[in-house]
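One structure below.
The values are calculated or read from the model by the stated rules, or taken from the named source; none is laboratory data. Keep in mind that this is a model prediction, so the values were computed, not measured. When we count neighbours, we look across all protein chains shown, and the Cβ atoms used for this are built from the backbone with ideal geometry, even at glycine. We work out accessible area using only protein heavy atoms, side chains counted, and drop any ligands, DNA or RNA first. Shrake-Rupley method; radii C 1.70, N 1.55, O 1.52, S 1.80 Å.
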Amino acid sequence: MLDYNITLNLETSSANHGCGQNQAFFLKVDKTSFVLSTGSDGLVHARDSETLDPLHTLQIPNAPANVLAVDPRNSSIAIGDEQSVQIISVNALLAAPPVPSLSAAPPSLKRFSAAACRTACQFALPCRALAFAPSTASAAGGASAAVLLAAAGDPENVKLVDWRRGAVRRQLRNDAGYFLDLAWDPEGEFLAAAQREGYVCVYRLSDGERVCRTRFFKRIPVVSSRRRTMSWQPDGALLAVPGEEGEVFLVERLSWETAAELAGGEHLAPVILTAFSPNGLYLASADEQNRIVIWETQRGYAVSAATVKSGSSLPSSTHIPSPSSSLPLDNDKCCLSSLAWDPCSNALVVTGECGGVTVWKKPVPEQGIREDPKDPKSRILDLAPPHVMSEELTKAQLAAEAAADQQKGPGGAARGDLNPRDAGMEEEGLEEKEEVEEEEE
């Protein structure tokens, strides 16, 4: 186990969404950062990214809100509820007043929200998974697929929806229970879908065919609120899939074979959530015991970990789902519900089934880590920030190497870098070389 292991507390006293599935993302508009969150109370909060206090709030028509997605341009939000998928403009949300809880919502909020929401598609049963296609996606025949939203409900097929027009363009077949998660590959050619039966299916967008179906975890009970979220590496090379024995599988694109596993005893319970960092150098994973581990993906080792506590009790204003709700908690145990990286800083937003939200700041240690955690004398490995793109890191490294080369002398090393012993040895070597040349003459 890692020494760098901290404790996080989910904020359950302010703007709590209530028991059930909850989700949050970072959102940056102009120069302002927000944390978007939603949950079983049906409220959508744009929170202050530092204090997590609600700054703007909307209410969807049919609570609970099971899943949240943000389009690649940060202009629209998709919310999956018990009957439909609602699209909300980010500008409309940021024009709304703050409302801390459902009990404090004024009557005007529902009227204001109704005008701000529009329906993308309908479901007979709850919508559980949403994913916007990347902005670079293209459909068969060269048509743009960047306006597609993948949505999945209980026993139904995956719907590919033109979310701007509210039209279903295609359906991808489902033959084994409901879907837990959807994830587009960064190029928009494939869609990965995690099924309740424990299988991960991969669909090809060009013809809608299923090209892969592999089992990675055990069957999830039908009344469970547990998620099993996947994550694509930003370059599209690998798909992270949670495992049943505390491992994370890294599945190779196109071959759909497991290329590597992230394990080592850091997770002692089934992994339920995964999230690649914006630059793909790190992966966050969370298990059913609320332990989050940050992995360095190139070498496959863990660099930090955190244990999340949900608090002793829920506030009186919390919305509790009715006994007939399709998404109750499992044995009253509050597990984590979502993970998401900040695209602009070293931070991770976390939500729990208790309705709480927290932000883990600096999950990637800025001071680096020991090459061998058990050896206090082993060298320190520098860690790149999770939000700085690899191209920028490469440019910075090349610039540093070029600056070092300019300081070097003809011998290939800077004189200032030599200690007295090394300098003396170099002078002795030059003298011996001169003596040999004189003898040859």
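Before moving on, here are some points about what is shown:
- Looking across the stretch 92-137, the residues that are closer than 15 Å to residue 149 by Cα and either open to solvent by 70 Å² or more (accessible area, probe 1.4 Å) or assigned to a loop (DSSP other than H, G, I, E, B) (or both) come down to 118, 122, 123, 127, 128, 133, 134, 135, 136, 137.
- Of the residues 16, 22, 74, 91, the single one that is of a type outside the set (Asp, Glu) and farther than 30 Å from residue 159 by Cα is 16.
- Residue match in the stretch 176-187 (condition: under 18 Å from the mean Cα position of the chain (by Cα) and open to solvent by 50 Å² or more (accessible area, probe 1.4 Å)): yes
- In the set 297, 258, only one residue is free of Cβ contacts under 8 Å to residues at least 60 places away in the same chain and either polar (S, T, N, Q) or surrounded by 19 or more Cβ atoms within 10 Å (Cβ to Cβ) (or both); that residue is 258.
- Residues that are modelled with pLDDT of 95 or more and closer than 18 Å to residue 67 by Cβ, drawn from the stretch 217-260: 229, 230, 231, 232, 242
- Listed here are the strands (runs of 3 or more DSSP E) enclosed by the stretch 1-91 that have at least 1 residues being among the basic types (Lys, Arg) and open to solvent by less than 10 Å² (accessible area, probe 1.4 Å): 43-48.
- Looking across the stretch 190-208 at every residue that is of a type in the set (D, E, K, R) and modelled with pLDDT under 95, the one that is most open to solvent (accessible area, probe 1.4 Å) is identified as 207.
- Given (1) within 26 Å of the chain's Cα centre (by Cα); (2) at pLDDT below 90; (3) under 26 Å from residue 199 (Cα atoms), index of the condition residue 172 fails: (2)
- Checking each residue in the stretch 209-247 for being closer than 24 Å to residue 24 by Cα, among the hydrophobic types (A, V, I, L, M, F, W, C) and surrounded by fewer than 16 Cβ atoms within 10 Å (Cβ to Cβ) picks out 222, 223.
- Every listed requirement among (1) over 29 Å from residue 157 (Cα atoms); (2) more than 22 Å from the chain's Cα centre (by Cα) is met by residue 35 save one, (2).
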